[in-house]
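Chemist: I have a structure I would like to understand better, so I am pasting it below and will then ask my questions one at a time.
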Amino acid sequence: MSKRIGILTSGGDCPGLNAVIRGTVKSCAQLGYDCVGFLKGYEGLYDPVQYVQLTPKSTVGILNQGGTILGSTNKGRFAAVKGVEDRVEIAQHLVDGVKETVNQLDIDGLICVGGDGSLAIAQQFHEHGIPVVGVPKTIDNDLSATAFTFGFDSAIECATDALDRLHTTAASHERIMVLEVMGRHAGWIALHSGIAGGGDVILIPEIGWSYEHVCHKILHRESQGKKFTLVVVAEGAHLPDGGIVGEENAGRQIKLGGIGKAVTTEIERRLHREARLCVLGHLQRGGMPTTFDRVLATQFGAHAVRLVVEGRFGEMICSRPPEMTSVPISEAVHRVRQVDPNGPAVQAARALGISFGDRPADEVSHGVFDIKLEHLPENGPDNLLETAELAVEAALAN
Ligand code: F6P
């Protein structure tokens with residue numbers, strides 16, 4: 001009897017899902033396994049069972065396609081419902097139904113491709129004896145067990161392209177441009193695109209900030225003859241009063257979004273300057289995967305098949321360069337990996353003079369790398385704080 005592997009893609013989509021599917025299917029074929037793809041995430045596993053046969057022939061040409069040919073569901077019957085300690089509890093009849101499907105179709109291993117919430121569902125399947133392995137995906141890059149998730153590189157490519165475009169129009173009109181990016185409660189997308197796209201201010205959930213420091217940076221730039229400023233704000237950044245902006249969703253995670261508007265309005269109010277907002281939204285999740293994401297996703301697909309063949313159920317594949325390894329899914333879920341405020345990327349950004357809104361403009365690089373610069377006067381090279389403060393006063397007087 002032939003061996004068979006099932007695969008599904010669950011949760012929000014991201015570039016690279018099709019590359020995982022293709023990697024899985026081609027590896028299956030090489031190792032003598034059949035492959036079936038369940039449709040619409042976990043929904044296709046039960047009532048009605050919906051799946052397609054996947055072959056190297058039927059998956060030709062999908063490597064560079066965005067989205068997922070299997071479809072995905074974010075808030076279906078298996079969706080995360082807050083239970084004890086935020087644990088996702090799946091109704092017993094659904095678990096039983098999935099078990100029956102897996103048995104009837106002779107599935108030797110079910111590859112579940114998903115983010116934190118989707119992998120928590122896979123973990124429960126595992127606890128009920130269903131042979132699952134996990135593949136992490138999210139544009140947010142916030143899963144603790146893996147150095148990178150595919151989708152992230154494509155998302156920052158998109159956000160960087162947006163910043164490149166905003167740069168030229170901001171410069172032409174001498175405007176402040178605010179770009180709101182996704183990322184949930186981690187600032188990876190804002191940080192990396194902000195560095196790659198020449199952002200001047202980057203606001204992320206991991207670093208508290210104030211409007212005073214943001215405005216100071218803008219005016220400081222003006223005092224240096226730079227009449228425009230690019231502000232990148234992560235959707236999950238906290239407002240100075242600690243609040244986060246989004247729609248509360250009974251029993252589910254908050255739907256983040258809207259902080260860009262608050263930041264833009266307040267900058268305009270404080271500085272009497274023209275500021276414009278661009279909310280990138282789901283553009284970050286669409287389109288072709290980058291080369292990096294194609295390679296990572298393909299490796300995840302092939303190594304997920306390896307986990308099934310090795311009988312390593314309940315584990316999730318993860319990238320820890322130079323290794324492609326795995327960890328128990330239970331260790332991988334519910335642990336958000338946030339930006340280290342003292343990590344190398346933040347340090348480098350500060351060293352370049354990028355503001356995180358947490359310090360006066362002429363102090364953003366102070367103390368970075370712990371180097372003592374004795375040749376600089378206390379307040380920086382040109383007494384810039386004073387210059388910027390005078391500029392604030394002048395702006396408010398206008
Ligand atoms: O987790 C990926 C992500 O795109 C987040 O960055 C964002 O907050 C969320 O999903 C948006 O979800 P939805 O597509 O359900 O609005």
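Every number in this text was worked out from the coordinates using simple rules, so none of it is lab data. Given the structure is predicted, the values throughout are model-derived calculations rather than measurements. All Cβ positions, even for glycine, are placed from backbone atoms using ideal geometry, and neighbour counts span all protein chains on display.
Chemist: Just to confirm the number: angle between the C-alpha axis of helix 152-173 and the first principal axis of the chain, 0 to 90 degrees, nearest 10?
Modeler: Here the helix axis deviates by roughly 30 degrees.
Chemist: Go through 240, 313, 65 and say which Cα lies farthest out towards the positive end of the charge dipole of the chain; charges sit on Cβ, +1 for Lys and Arg, -1 for Asp and Glu.
Modeler: The residue sitting most towards the positive pole is 65.
Chemist: Greater than 22 Å separation of Cα atoms is the criterion. Which listed pairs, 75/255; 26/137; 3/75; 40/99; 57/137; 3/137, meet it? Intermediate values should be presented prior to the final figure.
Modeler: Details: 75/255 12 Å; 26/137 20 Å; 3/75 31 Å; 40/99 18 Å; 57/137 25 Å; 3/137 26 Å.
Among 75/255; 26/137; 3/75; 40/99; 57/137; 3/137, the Cα-Cα distance tops 22 Å for 3/75; 57/137; 3/137.
Chemist: To continue, here is another question. Mind jotting down a quarter of the surface of the convex hull over the alpha carbons of segment 144-247, in square nanometres, one decimal? Write down the numbers at each step before the final one.
Modeler: Values: hull surface 29.2 nm².
Averaged projected hull area, Cα only: 7.3 nm².
Chemist: Which one of 317, 130, 254 has the biggest mean-square fluctuation once the chain is modelled by GNM with Cα springs under 10 Å?
Modeler: 254
Chemist: Taking H as built 1.01 Å from N, whose amide H comes closer than 5 Å to the amide H of residue 178, not counting residues under 5 places away?
Modeler: Long-range HN contacts for residue 178: 231, 276, 277, 278.
Chemist: Which of 323, 157, 315 ends up with the largest GNM mean-square fluctuation for the chain, with Cα atoms connected below 10 Å?
Modeler: So, out of 323, 157, 315, the one fluctuating most is 323.
Chemist: Moving on. In the neighborhood of residue 185, defined by Cβ-to-Cβ distances under 11 Å, what is the net charge if each Lys or Arg adds +1 and each Asp or Glu adds -1? Numbers along the way, then the final one.
Modeler: On the way: positive: 184, 337; negative: 116, 140, 142, 206, 235.
Here the charged neighbours net out to -3.
Chemist: Taking Cα centroids, how far is segment 160-177 from segment 13-76 in Å?
Modeler: Spelled out, the Cα-based centre of one part sits 39 Å from the other.
Chemist: Right, something else. Kindly write out, for segment 257-274 in residue order, the coupling ³J(HN,Hα) from the Karplus curve 6.51 cos²θ - 1.76 cosθ + 1.60 (θ = phi - 60°), rounded to whole Hz, with x marking Gly and Pro.
Modeler: Taking θ as phi minus 60°, the curve returns x, x, 5, x, 5, 4, 5, 4, 4, 5, 5, 4, 5, 6, 9, 6, 10, 7 Hz for segment 257-274.
Chemist: In a Gaussian network model over the chain where Cα atoms closer than 10 Å are linked, find which of 109, 183, 367 has the largest mean-square fluctuation.
Modeler: Highest fluctuation among the options: 367.
Chemist: Per residue, what volume in Å³ does the Cα convex hull of the chain take up?
Modeler: On the way: hull volume 56.0 nm³, N = 398.
Dividing the Cα hull volume of the chain by its residue count gives 141 Å³.
Chemist: What residues qualify as long-range amide H neighbours of residue 236, i.e. H under 5 Å apart, gap of 5 or more or another chain, H built at 1.01 Å from N?
Modeler: When sequence neighbours closer than 5 places are left aside, the close amide H contacts are 184.
Chemist: Tell me, what is the FRET efficiency for residue 352 and residue 60 to the nearest 0.05, using R0 = 45 angstrom and their Cβ-Cβ distance as r?
Modeler: Values: r = 45 Å, r/R0 = 0.99.
Working from the Cβ atoms, E equals 0.50.
Chemist: Next up: Quick one: which residues, 5+ away or cross-chain, put their amide H under 5 Å from the amide H of residue 35? H built at 1.01 Å from N.
Modeler: Those qualifying (amide H under 5 Å, at least 5 residues apart or on another chain) are 5, 54.
Chemist: For segment 129-137, take each phi angle, set θ = phi - 60°, evaluate the Karplus expression 6.51 cos²θ - 1.76 cosθ + 1.60, and give the result in whole Hz per residue in order, putting x for glycine and proline.
Modeler: Each residue's phi maps through the Karplus curve to give x, 7, x, 10, 10, x, 10, x, 9 Hz.
Chemist: Per residue of segment 275-285, what does 6.51 cos²θ - 1.76 cosθ + 1.60 with θ = phi - 60° give for ³J(HN,Hα)? Whole Hz please, x for Gly and Pro, Karplus curve as stated.
Modeler: 10, 10, 10, 10, 9, 6, x, 6, 4, 5, 9
Chemist: Can you give the net charge of the other residues whose Cβ lies under 14 Å from the Cβ of residue 60, counting K and R as +1 and D and E as -1? Walk me through the numbers on the way to the answer.
Modeler: On the way: positive: 22, 26, 57; negative: none.
Net of charged neighbours comes to +3.
Chemist: Could you tell me the center-to-center distance, by alpha carbons, between segment 209-259 and segment 121-141 in angstrom?
Modeler: The two parts, judged by their Cα centres, are 34 Å apart.
Chemist: Nothing charged except the Cβ atoms of Lys and Arg (+1) and of Asp and Glu (-1): what's the magnitude of the dipole of the chain about its Cα centre? Round to the nearest 20 debye.
Modeler: 1300
Chemist: On a 0 to 90 degree scale, rounded to 10, what angle separates helix 17-31 from the longest Cα axis of the chain?
Modeler: Relative to the chain, helix 17-31 is tipped by roughly 30 degrees.
Chemist: Using the Kirkwood radius over Cα pairs, work out the Stokes-Einstein diffusion coefficient for segment 191-302 at 25 °C and 0.890 mPa s, in µm²/s as a whole number. Mind dumping the intermediate values first?
Modeler: Details: Rh = 16.2 Å.
Rounded to a whole number, D works out at 152 µm²/s.
Chemist: Pairwise over distinct Cα atoms, reciprocal of the mean inverse distance: report the Kirkwood radius of segment 7-47 in Å, one decimal place.
Modeler: Evaluated over segment 7-47, this radius sits at 11.1 Å.
Chemist: Fewest Cβ neighbours within 10 Å first, please rank 327, 346 accordingly. Present the calculation step by step, with values, prior to reporting the outcome.
Modeler: Working: 327 17, 346 22.
If I rank by nearby Cβ atoms, fewest first, I get 327, 346.
Chemist: On a 0 to 90° scale, report how tilted helix 92-104 is relative to the longest principal axis of the chain, with both axes built from alpha carbons and the result rounded to the nearest 10.
Modeler: It is inclined by approximately 60 degrees.
Chemist: Going by a 4.7 Å Cβ-Cβ cut-off, which cysteines of the chain have no partner at all?
Modeler: 14, 112, 158, 215, 278, 318
Chemist: Let me ask another. If the reach is capped at under 25 angstrom between alpha carbons, list the lysines near residue 227, excluding any in the same chain fewer than eight residues apart.
Modeler: Those lysines meeting the cut-off are 217, 261.
Chemist: Once every Cα of segment 300-356 carries one equal point scatterer and solvent is ignored, give the base-10 log of I(q)/I(0) from the Debye formula at q = 0.17 Å⁻¹, two decimals.
Modeler: The Debye formula, applied to the Cα set alone, gives -0.69.
Chemist: Something else about it: Can you tell me the mean projection area, over all orientations, of the convex hull of segment 68-162's alpha carbons? Units nm², please.
Modeler: On the way: hull surface 30.9 nm².
With the hull built on Cα positions only, its mean projection is 7.7 nm².
Chemist: Could you give the alpha-carbon Rg of segment 1-134 over 2.2 N^0.38 Å, rounded to two decimals? Write out the running numbers ahead of the final one.
Modeler: Working: Rg = 14.2 Å, N = 134, 2.2 N^0.38 = 14.1 Å.
Against the compact-globule rule of thumb, the ratio is 1.00.
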